[in-house]
Amino acid sequence: MSKAITFSEYGAPEMLRLSEVTPPTPGPGQVRIKVRAASVNPIDMKIRSGLMARMAPADFPVIPGLDAAGVVDAVGEGADATVGDEVLGATVGGSYAEYALLEGPVAKPEALSWEVAASLVTVGLTAARVLAQLGVRAGQTLLIHGAAGSVGGIAVQLAAARGITVIGTAAERDLERVTTFGATAVRYGDGWVERVKAAAPGSVDFVFDASGAGVLADSVALTGDAGRVITIADMTAAQHGVRFSAGTSEHVGESLPELVQLAAAGKLTVPVWRAFPLAEAARAQADVEAHRNRGKAVLVP
């Protein structure tokens, strides 16, 4: 037996329990890892609270978590890794555990810490996916709401590296961070539209909302076209004719190795805020849910 965090009903972070479970067995193409770090993502809280129940009903008990990094200790038929390899990737069946399954594991470079490796997966793939869906190109101007957050920060760095002019909204305390990512930083809150217009070299071509802060109507007006706005955080998207981006895309397999190499080369920063023991998963989720974090929270079994 091994330890994992589980929940058996929807509710508050206190629903999370440290439980004894049977370690999973890898299927074809899968590897099992001894988890060294697991990332805590906002989607984890949406699943735990029941906000995602209509789209994806839970099969209780649930082991939360989407991302992990660790050492391969068992391989399924046809898996692209061997026992002892250090890898990271998206998990199958949850990552808040001592052992987890990965499909399509990516080698972890020595230059990446376990915490950064685990933190990169979902947020990095989300940022890359949305930029691809928007179709924004070099020389165009992209506004990113929530530019200091985990997804927004990576999106800023990827877009800036591609020659895109980026304007990023953030809290006053985070403006310097957004600037270091490669964007023109603008304080969010009342008057943000005027501040963005003053900062933009011309018109704003596209908007990526990673904040969910009720900015969609003004963002559509700013671009003049709802089709040029995408959100990953505002559930009212359909009311504004805006796309809500979720899930994966056909480019995921290509994007993660690229993101890993950029991070290992120091060209992509993924701030890690705090590492929590596995048993403190409820506290970690509560902190992220209350926006107390300034960077990624991770669990360390």
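If His291 meets every condition in (1) within 19 Å of Ala160 (Cβ to Cβ); (2) surrounded by fewer than 17 Cβ atoms within 10 Å (Cβ to Cβ) apart from one, which number is that one?
(1)
What number of residues in the stretch 58-102 are of a type outside the set (S, T, N, Q) and free of Cβ contacts under 8 Å to residues at least 12 places away in the same chain?
Qualifying residue count, the stretch 58-102: 2.
Given (1) touching a residue at least 40 places away in the same chain (Cβ under 8 Å); (2) outside any strand (DSSP E or B); (3) closer than 27 Å to Ala246 by Cα, where does Thr25 come up short, assuming only one miss?
(3)
Hey, Thr82 hits all of (1) closer than 18 Å to Tyr96 by Cβ; (2) among the hydroxyl-bearing types (Ser, Thr, Tyr); (3) surrounded by fewer than 17 Cβ atoms within 10 Å (Cβ to Cβ) but one; which does it fall short on?
(1) is the only condition that Thr82 fails.
Which helices (runs of 4 or more DSSP H) sit wholly inside the stretch 209-301 and have at least 2 residues that are out of contact with any strand residue (DSSP E or B) (no Cβ under 8 Å at 6 or more places or on another chain) and more than 29 Å from Thr180 (Cβ to Cβ)?
216-223
Among what's in the stretch 62-81 and is in a loop (DSSP other than H, G, I, E, B) and within 20 Å of the chain's Cα centre (by Cα), pick the residue that is nearest to Ser8 (Cα to Cα).
For the stretch 62-81, the residue satisfying everything is Ile63.
Filter the stretch 28-58 for residues that are aliphatic (A, V, I, L, M) and outside any loop (DSSP other than H, G, I, E, B) and give the result.
Val31, Ile33, Val35, Ala37, Ala38, Val40, Ile43, Met45, Ile47
So which of Ser49, Ser8 ends up being hydroxyl-bearing (Ser, Thr, Tyr), crowded, with 16+ Cβ neighbours inside 10 Å, at pLDDT 95 or above and over 20 Å from Val116 (Cα atoms)?
One residue alone meets the criteria, Ser49.
Would a scan of the stretch 174-182 turn up a residue that is under 22 Å from the mean Cα position of the chain (by Cα), more than 29 Å from Ala69 (Cβ to Cβ) and among the aromatic types (Phe, Trp, Tyr)?
no
Of everything in the stretch 1-20, what is more than 18 Å from Leu66 (Cα to Cα) and in a loop (DSSP other than H, G, I, E, B)? Give them in sequence order.
Met1, Glu9, Gly11, Ala12
What helices (runs of 4 or more DSSP H) completely inside the stretch 86-193 contain at least 3 residues that are surrounded by fewer than 20 Cβ atoms within 10 Å (Cβ to Cβ)?
Helices (runs of 4 or more DSSP H) meeting the threshold: 175-181.
The values are calculated or read from the model by the stated rules, or taken from the named source; none is laboratory data. Quantities reported herein were computed from a predicted structural model and do not represent experimental measurements. Glycine also receives a Cβ, built like all others from the backbone with ideal geometry; neighbour counts cover every protein chain displayed.
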